[in-house]
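The values are calculated or read from the model by the stated rules, or taken from the named source; none is laboratory data. Small disclaimer: the values here were computed from a predicted structure and weren't measured. Ideal geometry is used to build each Cβ from the backbone, glycine not excepted, and the neighbour counts take in all protein chains shown. Ligands, DNA and RNA are stripped out before the accessible areas are found, and what is left, the full protein with its side chains, is counted by its heavy atoms. Shrake-Rupley method; radii C 1.70, N 1.55, O 1.52, S 1.80 Å.
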Amino acid sequence: AHGEALYFLVGDVSGKGVSAALYAARVSSELRFVAASQSEPAAILNLLNARFSDAGPDGMFVTMLLAVVDLRTGRIAIANAGHPAPIIRSGYGQVEELGGTGQPPIGVIGGIDFAQYERAMGARDVVAFFTDGVSEALDRERALFGEDGLARVMAEADGTAEGTRRAAMQALNAHVEGVGFSDDVTLLCVGRS
């Protein structure tokens with residue numbers, strides 16, 4: 001954290017096994033180094049991507065979403081490297097995607113200038129950051145849980161970060177009942193009271 005800012009990172013390395021774990025550890029280490037000299041998410045991803053401009057072993061790459069929240073003002077800034085866009089539920093119950101996913105993952109193309117999306121987080125706003133293990137979870141009929149499934153749960157949740165996380169995980173577990181998860185699942189809900 002820099003000053004009165006709180007940073008959130010959700011990422012997903014391609015591939016499996018030991019080589020993917022080692023690549024993730026290397027990216028994580030470099031991220032800590034880069035973040036020590038930068039405060040804006042886009043600048044951090046730009047520098048990190050420059051260090052990994054060639055894909056890793058076996059063409060591995062990392063999707064990554066980096067967000068920073070100013071604890072005084074509620075400003076949230078997000079940069080996205082090929083990761084599912086977060087979803088926000090306003091204190092009024094409106095649900096929408098934050099930013100976009102149009103830029104490539106870290107380590108695919110050098111020289112990228114990552115975009116940064118900013119907005120104010122209001123009272124009782126909740127943001128959900130997640131991996132594609134959430135959106136691509138399949139039920140018995142091979143139907144996706146999807147971003148729409150998460151958005152529906154968020155719209156009906158109690159408006160708190162913990163209540164949203166709990167409701168989303170219950171819905172997700174019910175969706176994959178009898179099938180199980182085919183990918184890692186990460187869901188991080190952040191709220192402002």
How about segment 57-107: which of its residues are small (G, A, S) and outside any loop (DSSP other than H, G, I, E, B)? G59, A67, A77, A79, A81
Is it the case that I106 is open to solvent by less than 40 Å² (accessible area, probe 1.4 Å) and under 25 Å from A155 (Cβ atoms)? no
Kindly evaluate L31 against the criterion of being over 14 Å from the mean Cα position of the chain (by Cα), crowded, with 16+ Cβ neighbours inside 10 Å and either without any contact (Cβ under 8 Å) to a residue 60 or more places away in the chain or in a loop (DSSP other than H, G, I, E, B) (or both). yes
Just to be sure before I move on: is R89 basic (K, R) and either at positive phi or at pLDDT 90 or above (or both) in the structure I sent? yes
Scan R72, R89, R51 and give me the residue that is farther than 28 Å from R152 by Cβ and in contact with a helix residue (DSSP H, G or I) (Cβ under 6 Å, 6 or more places away or on another chain). R51
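Per-residue answers, yes or no, for (1) outside any strand (DSSP E or B); (2) open to solvent by 20 Å² or more (accessible area, probe 1.4 Å); (3) without any contact (Cβ under 8 Å) to a residue 24 or more places away in the chain; (4) more than 26 Å from V68 (Cβ to Cβ):
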{"site": "D148", "(1), (2), (3), (4)": "yes, yes, yes, yes"}
{"site": "E162", "(1), (2), (3), (4)": "yes, yes, no, no"}
{"site": "A168", "(1), (2), (3), (4)": "yes, no, no, no"}
{"site": "V185", "(1), (2), (3), (4)": "yes, yes, no, no"}
Checking V127 against (1) open to solvent by less than 60 Å² (accessible area, probe 1.4 Å); (2) over 21 Å from Y7 (Cα atoms); (3) within 18 Å of the chain's Cα centre (by Cα), the condition it does not meet: (2)
Scan of segment 49-70 for residues that are at pLDDT 90 or above and either loosely packed, with under 13 Cβ neighbours inside 10 Å or within 19 Å of S19 (Cβ to Cβ) (or both), ordered by number: V62, T63, M64
